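In what follows, a structure is listed as structure tokens, so that the remarks can point back to it.
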Amino acid sequence: MRRIETFEPRPGTAYALLVAMTVVWGSGMVLARGVTEHIPPIGLGFWRLTVACLVLLPLVLPHLMHQRPLLKRHLGFFTYLGILQVWPQTIVLLALNYTTAINATLLNGAQPAITAILSAILLRDRMTVAQTIGIVLALVGIIVMVAHGDIDVVLGLDFNIGDWLVVLAVVMWSLYTLKLPTVPREFSPATVLFMVTACGTIAMTPLYLYEAIYVRAMQIDLLTVGTTVYMGVVISAISIFIWNMCLRTVGPQKTSIFINLNPVFAALFAIIFLGEVLHLYHLFGALLVCGGITLVITMGRRRSAAVNS
């Protein structure tokens, strides 16, 4: 455990891990869309996060006991981070009940751009022209894939409350991405993840109770338990932990651009597991996304080298 806590990946390793995390998140998005009619969204969000907390608790309990006074002083900040990290996951699950997968994917693809804008406003961290082009290229790649290369699909999109929920989730996640590096280094990464997840889950409890009592309660069956455990352990615990570690290494803007790989892998999963056909627009869109990511990474690295010299 100690080696995991002190592990800080090199930039190359961080980029490889970020790609792996988008594979995991792509599988989670496909699974979440598949169970929307069976599992209520807030219930799924609440219990997957509860599972994540239970998995993390034995690992961080000694740290919690030792750093109790320090944790108490930063409890408000952890609650703020918890809402920014935990709620977007559930908001997207809720939004999928009102909007289409195309709309949700397109709006989610704007996350790197929103992160860059907020970073410029809040942190005065400007992007180069090449990095901006990279973000635009990646977004265009997503549009090409989800619209099947047909501009009429994009022009005919109908936006509703679900789309605004996705926008809210994207803004919240962008703020989380920018605020996480400001957590004091005295806290271990696993402790930070546990505190953020636990505080966010507690803050979500009133919404969960309202949904369970007045809207729809969760059914206890194999599909519900299996989905909750997978999303709690693999996505909410392991993948977010790795994401946070990579965020510390390469920074918010470079980390955020990898979210644009989600639809690439979602399309790949649909082709492999759902029998969908591979089209030219899949390849062209994926090429644009990968080219955009490469621009953001390489131009950022050159700017850092220029500043340091």
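Give me the percent relative contact order of the chain, please, defined on Cα pairs under 8 angstrom at least 6 residues apart.
Numbers: 392 pairs, mean separation 122.3, N = 309.
Averaging sequence separation for qualifying contacts and normalising by length gives 40 percent for the chain.
So between L209 and T36, what do we pick up on full extension, going 0.36 nm a residue minus the alpha carbon distance?
Numbers: separation 173, 0.36 × 173 = 62.28 nm, distance 1.82 nm.
Between L209 and T36, full extension yields 60.5 nm more.
Using the basic label-point model (7 angstrom from Cα toward the beta carbon), what is the I151 to E186 distance in nanometres?
Between I151 and E186, the label points sit 5.8 nm apart.
Can you figure out the FRET efficiency of F77 with D125, using R₀ = 25 Å and their beta-carbon distance, to the nearest 0.05?
Values: r = 21 Å, r/R0 = 0.83.
It comes out at approximately 0.75.
Can you give the FRET efficiency to the nearest 0.05 for I272 and L64, using r as the Cβ-Cβ distance and R₀ = 35 Å? List each step's numbers first, then the result.
Details: r = 41 Å, r/R0 = 1.18.
Once the sixth-power term is evaluated, E becomes 0.25.
In debye, nearest 20, what is the charge dipole magnitude of region 13-304 about its Cα centre with +1 on Lys and Arg Cβ and -1 on Asp and Glu Cβ, if you could check?
On the way: 15 positive and 10 negative charges, 273 e Å.
Charge dipole of region 13-304: 1300 debye, to the nearest 20.
From the P(r) of the chain, can you give the percent of Cα pairs sitting at distances over 36 Å?
Details: 7592 of 47586 pairs.
The calculated P(r) of the chain puts 16 percent of pairs beyond 36 Å.
How would L139, L49 line up from fewest to most surrounding beta-carbon atoms within 10 angstrom?
L139, L49
How would I242, I202, I259 line up from fewest to most surrounding beta-carbon atoms within 10 angstrom? Can you show the working numbers first?
Working: I242 19, I202 14, I259 26.
Lowest to highest Cβ neighbour count: I202, I242, I259.
Where a number appears in this text, it was derived from the coordinates with a stated rule and is not lab data. Treat the numbers as computed from the prediction; the structure is a model and nothing was measured. When we count neighbours, we look across all protein chains shown, and the Cβ atoms used for this are built from the backbone with ideal geometry, even at glycine.
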